[in-house]
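Take a look at the structure set out below.
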Amino acid sequence: MKKIFMVSILILTAGLLFANGSNDASNAAPTVKADEPITLEYWMWDPNFAEQQQAMSDRYEAMHPNVTINLTALDPKSYWTKLAAMAATKQMPDVFNMHPNSVEDFVDQGALLDLTDMIKKDFNKEDYFWSVMDSSFGVKGRYYGVPFAWVGSVMYYNKDLFDKYGVEYPKAGWTWDDFLAKAKALTKDLDGDGKTDLWGYGVFSRYAVYDGWILQNDGDYLNREKLTFEPNNNAKEAIKFLYDLANTYKVSPHPKDYDLDKKKIKLIFQQEKAAMISEGSWNIKYMRQDMPADFDWDIAYFPRGPHWKADTMHAWADGISIPASSKHPEAAWDFIKFVLQRPADDYYPGKVPFYKKEALSDAWDDFKSKGVPPEHKTIILKYGENAKHFYTKYWKFWRGYASAEGSGLSEFIDASLNGEITLDEFYKNADREANKMLNKAYR
């Protein structure tokens, strides 16, 4: 077995069965010429699944004796830094994992192979969550990556607290008014000292926490024709509602009160300091791991705003690409199809297989098959028909990929939620900084 270079971090697994294929990789017909020695360098940012990927690589090599797969697994920070440097010198790996927040940047450099014709040949749209493909890897009508799994933002809620205070659980189709009524009923001064001990909801600037609200009110940060930061009225309505949760209705703490970030937002939920939070669906894994055994929780859709048109998830895909400089594009594509043939129960909890048959299986619905929470995990699947996000070139700089101050809009969002700046000041600062980045990206 070849050496695997490993560092650490998130999950990125596969779930892609092709319309003319089987989920048994052993049934895949070899398409690479058997007499041509080929070495493929395969890069991923998921050391946790490196052994599984290596095992699949070994199986592929057994079927294709002329092909050698060299697997490299890096942590995300090292991964993207090295991949960008290699793109500049056209020395990229033959196959590598790709994220939608970077795909347009790499396409702009001419670094990614256009996969459109291969995708159209091997995919039946009806068999997949095609909105995920379009929103994540579609650039000007062409495709430069293939999803193998996707995730999105959902509402987590503590059923024990809802039961304790006689609050009805969230239902499909609930509205901002419904949400606010529940949040108020669950905001409590438990010891009578005049300070809130239990908050109805916890919010801060992280895109996975914040931006779903905008989409569920048919809002957009961007002027799509000019590609400038120019929130429409529906987005502004959502931003005002979130501002009011912390500063007017006082059903959410100020982010600074708990120094909220992607870890501490889950902590205040676990410690029953917040009855509801929003976060990415991949956190289902950590909820299961970190919550006490008797902690009863579930997930719901984001509530609908006054201008809601359709249930829309802030969703994004984990994908895989081939470089434009590839010497073996056919072999790389054949390997991609093989690697992505995984059964549903081989997925990271909260990640959804791109292939609908696996996503709709009992194996993926592990509440039904194993009795593990959340009970309503399958609500995520409906969102896959209408996945959206706000990615552009330089997204990570203008929106803010980190959750701390000093990172794009995140700094100003938290300042507004903390009551440190007004909404007018938020828009002034956001317009200046976001458009500075967008101007660099598109002008």
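Do the conditions hold for Ile413, that is, is it without any contact (Cβ under 8 Å) to a residue 40 or more places away in the chain, at negative phi and β-branched (Val, Ile, Thr)? Considered against the rule, which asks whether it is without any contact (Cβ under 8 Å) to a residue 40 or more places away in the chain, at negative phi and β-branched (Val, Ile, Thr), Ile413 comes out as no. Selection within segment 132-153: residues that are in contact with a Gly (Cβ under 7 Å, 6 or more places away or on another chain) and polar (S, T, N, Q). The member of this set that is farthest from Asp122 (Cα to Cα) is Ser153. Scoring Asn418 on the criteria (1) over 16 Å from the mean Cα position of the chain (by Cα); (2) not aromatic (Phe, Trp, Tyr); (3) not assigned by TED's automatic domain parsing to the domain that holds Lys263 leaves a single failure, condition (3). The number of residues in segment 203-232 being in contact (Cβ under 8 Å) with a residue 24 or more places away in the chain, outside any loop (DSSP other than H, G, I, E, B) and either of a type outside the set (D, E, K, R) or not assigned by TED's automatic domain parsing to the domain that holds Ser407 (or both) comes to 11. On the given criteria, is Ile265 touching a strand residue (DSSP E or B) at 6+ places or on another chain (Cβ under 6 Å) and in contact (Cβ under 8 Å) with a residue 40 or more places away in the chain? So Ile265 passes the test. Filtering segment 301-322 to residues that are closer than 14 Å to Trp150 by Cα and surrounded by fewer than 22 Cβ atoms within 10 Å (Cβ to Cβ) leaves nothing. All conditions in (1) under 22 Å from Asp127 (Cα atoms); (2) touching a residue at least 12 places away in the same chain (Cβ under 8 Å); (3) not in a helix (DSSP H, G or I) hold for Val372, with the sole exception of (1).
Remark: Ser407 matches the filter, which requires a residue to be assigned by TED's automatic domain parsing to the domain that holds Ala300, farther than 25 Å from Ala111 by Cα and either touching a Cys at 6+ places or on another chain (Cβ under 8 Å) or surrounded by fewer than 23 Cβ atoms within 10 Å (Cβ to Cβ) (or both).
Taking segment 307-365 as the range and being over 25 Å from Met155 (Cα atoms) and in a loop (DSSP other than H, G, I, E, B) as the test, the residues that pass are Ile322, Ala324, Ser325, Ser326, Lys327, His328, Leu340, Gln341, Arg342, Pro343. Taken residue by residue, segment 93-112 has at least one member that is in a loop (DSSP other than H, G, I, E, B), touching a residue at least 12 places away in the same chain (Cβ under 8 Å) and among the small types (Gly, Ala, Ser). Looking at Lys356, Lys285, Lys327, which is the one that is under 18 Å from the mean Cα position of the chain (by Cα), modelled with pLDDT under 95, charged (D, E, K, R) and surrounded by fewer than 17 Cβ atoms within 10 Å (Cβ to Cβ)? The conditions single out Lys285.
Which of the residues spanning segment 65-92 are in a loop (DSSP other than H, G, I, E, B) and touching a strand residue (DSSP E or B) at 6+ places or on another chain (Cβ under 8 Å)? Across segment 65-92, the qualifying residues are Asn66, Leu74, Lys90, Met92.
The values are calculated or read from the model by the stated rules, or taken from the named source; none is laboratory data. Quick caveat: nothing in here was measured; it's all calculated off a predicted structure. Positions of Cβ are backbone-derived with ideal geometry, glycine not excepted, and every protein chain shown enters the neighbour counts.
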